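The values are calculated or read from the model by the stated rules, or taken from the named source; none is laboratory data. Given the structure is predicted, the values throughout are model-derived calculations rather than measurements. Glycine also receives a Cβ, built like all others from the backbone with ideal geometry; neighbour counts cover every protein chain displayed.
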Amino acid sequence: MRFTVAALGALGVLGGMATAINPIELKGRHFIDSVTKKEFFIKGVDYQPGGAANVEKGGDPLTDSDKCARDIFVFQKLGINTIRVYSVDPTQDHNECMTMLAAAGIYLVLDVNTPLANQHLNNAEPWTTYTPMYLEHVFGVMEVFSGYDNTLAFLAGNEVIFDPTSAKTSPNYVKAVVRDMKGYITNHIHRQIPVGYSNADDLRFRTALAAYLECGDTGYIDFWGVNSYQWCGQNTFEGSGYDKLVADYKDYSLPIFFTEYGCNEVRPRIWQEVGALYSEKMTGVFSGGLVYEFTEEANDYGLVNITKDENVLLLKEFDSLGDAFGKTPSDPTIPSGASNPERPVNCPDASKLTGITANFTLPTTQGAQYIDGGVDKKKFAKGKFVSSPTLTTTHKISDSDGKEITDKTIKEVATYSQSSIPAGGIGINIGGGIGTGGPKSSSSGSGNSNSGAHNGAGSVKSTTFGWSLGLIAIGFAAFL
């Protein structure tokens, strides 16, 4: 049974043409709409109001329908199609907020970890936190959000490898978590939702780690996320180093996008990089990106302020970003002759992956009982769209001049459908497994774990929760 809910009535009133919120899938090094087969470019923002501190108080940004209506209206005003959320509680109800996002034509990239105990891995000693309880949380997030067609992708980790210690201890645990997530999809998720990793853009290990997670027949990622803050203020494609970034990944076989970008060292931010990102200088390699970040927090990256009364004030940089997005093509084009490499099944010799310990022996999974039998479906109820979502908020929204916006209604620009989801998973091996390794990496140095070509088999950042190399202090990169 398949039925269409909401969206259509309002579209009739608006007189607009509906576009479906179809699931996004992979084709070579790009994302595509699973129905129209058009390339999909991510244009979005990172969204976690209150940061890690709010999560520690039980906060989840996708559970309060009034706040969701407030922020989704603002998302539409900005002109985005995707948000990234770093942390959710899979035992709560996300149905209405996810339906509102779908109606607004907005997809979700979702991290499967939180800063809470048993919901992330310690990147210095990952074997101490890679446990059945941890994987139950990961699989619970996947179980719940697999019910929504606008769940675009899952992130298995965020900046887990960010210093010499984590580069030594964590790579094979990241690969192990990817392996476990893919095993769960094979057995329990009805569609192949892409699984990827969000990386600190550190020259010491960015290309080596990308190659390590790309290769092999087990535990390989489906896409690569880059957290980059290198284009600051008035700059150029070459002066910012974006040309070198594109060159470094020109032969990468998987989709790549910015999971964070938006340098704030020069204020106000003028967003020149947006034009470059959606131009043919980059679209052959990059599939768009997510601006860091929506709400103003202590680190001063926000596009909006949320007051103590939970009202929203748009900031001037919101306006300039909206202008920049508005100048990008609605359908970015891929340059003719762009390469489309095949994903390498054989991994390179570990000695060539400098800067990291490229251990191809992955720890035995600690989630076998869930990969085999699934998580508790009552505790982690699969999400589903609702028929009459909230479309307006009681909270005040003011523009950057302080003038209150009176019409705060979300425009339903997309149709969204609720399927009767079949039991079981996709039933094909997409890189899952259980592993045969020991409790931790058997290697002690970078590039010395194995020799010869390997078929990679295999989570994540320390409990000190801080962003890229400590440069961005928000308390959220310490977990997967």
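From the list G432, G458, pick out the single residue that is of a type outside the set (A, V, I, L, M), closer than 29 Å to N227 by Cβ, at pLDDT 95 or above and crowded, with 21+ Cβ neighbours inside 10 Å.
Going through G432, G458 in turn, just one is of a type outside the set (A, V, I, L, M), closer than 29 Å to N227 by Cβ, at pLDDT 95 or above and crowded, with 21+ Cβ neighbours inside 10 Å: G432.
G425 - would you say it is more than 28 Å from V160 (Cα to Cα), buried (at least 21 other Cβ atoms within 10 Å of the Cβ) and either touching an Asp or Glu at 6+ places or on another chain (Cβ under 6 Å) or modelled with pLDDT of 95 or more (or both)?
Yes.
Just for the stretch 387-405: of the residues that are among the polar types (S, T, N, Q) and surrounded by 17 or more Cβ atoms within 10 Å (Cβ to Cβ), which one is nearest to L321 (Cα to Cα)?
Step by step, filter the stretch 387-405, then rank; the result is T393.
Quick check on D323: is it surrounded by fewer than 16 Cβ atoms within 10 Å (Cβ to Cβ), in a loop (DSSP other than H, G, I, E, B), among the acidic types (D, E) and over 20 Å from the mean Cα position of the chain (by Cα)?
no
Within the set of pairs 6 or more residues apart or between chains, which connect a residue that is at negative phi and in a loop (DSSP other than H, G, I, E, B) inside the stretch 205-233 to a residue that is buried (at least 24 other Cβ atoms within 10 Å of the Cβ) and of a type in the set (D, E, K, R) with Cβ atoms less than 7 Å apart?
Final answer for the pair search is T218/R179; W231/E273.
Looking only at the stretch 57-75, which residues are more than 19 Å from the chain's Cα centre (by Cα) and more than 24 Å from G225 (Cβ to Cβ)?
Those that are more than 19 Å from the chain's Cα centre (by Cα) and more than 24 Å from G225 (Cβ to Cβ): K57, G58, D64, S65, D66, K67, A69, R70, F73.
Which condition breaks for G427 when tested against (1) touching a helix residue (DSSP H, G or I) at 6+ places or on another chain (Cβ under 9 Å); (2) at negative phi?
It fails just one condition, (2).
Is it the case that Y134 is closer than 19 Å to Y220 by Cα and either charged (D, E, K, R) or modelled with pLDDT of 95 or more (or both)?
Here the answer is no, as Y134 does not meet what is asked.
Name the single residue that is surrounded by the most Cβ atoms within 10 Å (Cβ to Cβ) among those in the stretch 361-372 being within 24 Å of the chain's Cα centre (by Cα) and not in a loop (DSSP other than H, G, I, E, B).
If we take residues in the stretch 361-372 being within 24 Å of the chain's Cα centre (by Cα) and not in a loop (DSSP other than H, G, I, E, B), then I371 is surrounded by the most Cβ atoms within 10 Å (Cβ to Cβ).
Would the stretch 159-175 turn up any residue that is assigned to a loop (DSSP other than H, G, I, E, B), modelled with pLDDT of 95 or more and on the phi > 0 side of the Ramachandran plot?
Looking for residues that are assigned to a loop (DSSP other than H, G, I, E, B), modelled with pLDDT of 95 or more and on the phi > 0 side of the Ramachandran plot, one finds at least one in the stretch 159-175, hence yes.
Take the residues of the stretch 1-16 that are exposed (fewer than 14 other Cβ atoms within 10 Å of the Cβ), on the phi < 0 side of the Ramachandran plot and not aliphatic (A, V, I, L, M): which is modelled with the highest pLDDT?
Only one residue tops the list, namely G16.
Just to check your reading of the model, which residue among T259, T295 is crowded, with 24+ Cβ neighbours inside 10 Å, hydroxyl-bearing (S, T, Y) and either over 25 Å from A210 (Cβ atoms) or touching a Gly at 6+ places or on another chain (Cβ under 7 Å) (or both)?
Sole residue among the options that is crowded, with 24+ Cβ neighbours inside 10 Å, hydroxyl-bearing (S, T, Y) and either over 25 Å from A210 (Cβ atoms) or touching a Gly at 6+ places or on another chain (Cβ under 7 Å) (or both): T259.
Quick grid of which residues meet (1) touching a helix residue (DSSP H, G or I) at 6+ places or on another chain (Cβ under 7 Å); (2) of a type in the set (V, I, T):
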site: V274; (1), (2): yes, yes
site: Y278; (1), (2): no, no
site: M282; (1), (2): yes, no
site: G289; (1), (2): yes, no
site: E293; (1), (2): no, no
site: N299; (1), (2): no, no
site: V304; (1), (2): yes, yes
site: K308; (1), (2): no, no
site: F318; (1), (2): yes, no
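Which of (1) under 22 Å from the mean Cα position of the chain (by Cα); (2) part of a helix (DSSP H, G or I); (3) crowded, with 22+ Cβ neighbours inside 10 Å does E317 not meet, given it meets every other one?
Of the numbered conditions (1) under 22 Å from the mean Cα position of the chain (by Cα); (2) part of a helix (DSSP H, G or I); (3) crowded, with 22+ Cβ neighbours inside 10 Å, the odd one out for E317 is (1).
Return yes or no: is C215 of a type outside the set (S, T, Y), over 15 Å from the mean Cα position of the chain (by Cα), surrounded by 23 or more Cβ atoms within 10 Å (Cβ to Cβ) and at pLDDT 95 or above?
Yes: the conditions hold for C215.
Quick check on my filter: what residues within the stretch 156-175 are among the hydrophobic types (A, V, I, L, M, F, W, C), in contact with a Phe, Trp or Tyr (Cβ under 7 Å, 6 or more places away or on another chain) and buried (at least 24 other Cβ atoms within 10 Å of the Cβ)?
Within the stretch 156-175, A156, I161, V174 qualify.
I'd like to know if the stretch 98-111 contains one or more residues that are within 29 Å of A414 (Cβ to Cβ) and polar (S, T, N, Q).
Scanning the stretch 98-111 turns up at least one residue that is within 29 Å of A414 (Cβ to Cβ) and polar (S, T, N, Q).
Step by step: first the residues of the stretch 126-135, then only those that are part of a helix (DSSP H, G or I) and either surrounded by fewer than 22 Cβ atoms within 10 Å (Cβ to Cβ) or among the aromatic types (F, W, Y) (or both), then the one that is nearest to the chain's Cα centre (by Cα). Which residue is that?
Y134
Of these, K384, K440, which one is surrounded by fewer than 19 Cβ atoms within 10 Å (Cβ to Cβ), of a type in the set (K, R) and at pLDDT 95 or above?
When all the criteria are applied, what remains is K384.
For a quick check of your reading: which strands (runs of 3 or more DSSP E) sit entirely within the stretch 17-125 and have at least 1 residues that are surrounded by fewer than 18 Cβ atoms within 10 Å (Cβ to Cβ)?
Where strands (runs of 3 or more DSSP E) fall fully within the stretch 17-125 and carry at least 1 residues being surrounded by fewer than 18 Cβ atoms within 10 Å (Cβ to Cβ), they are 24-27, 30-33.
Among (1) touching a Gly at 6+ places or on another chain (Cβ under 8 Å); (2) assigned to a loop (DSSP other than H, G, I, E, B); (3) within 25 Å of L254 (Cβ to Cβ), where does V375 come up short?
(3)
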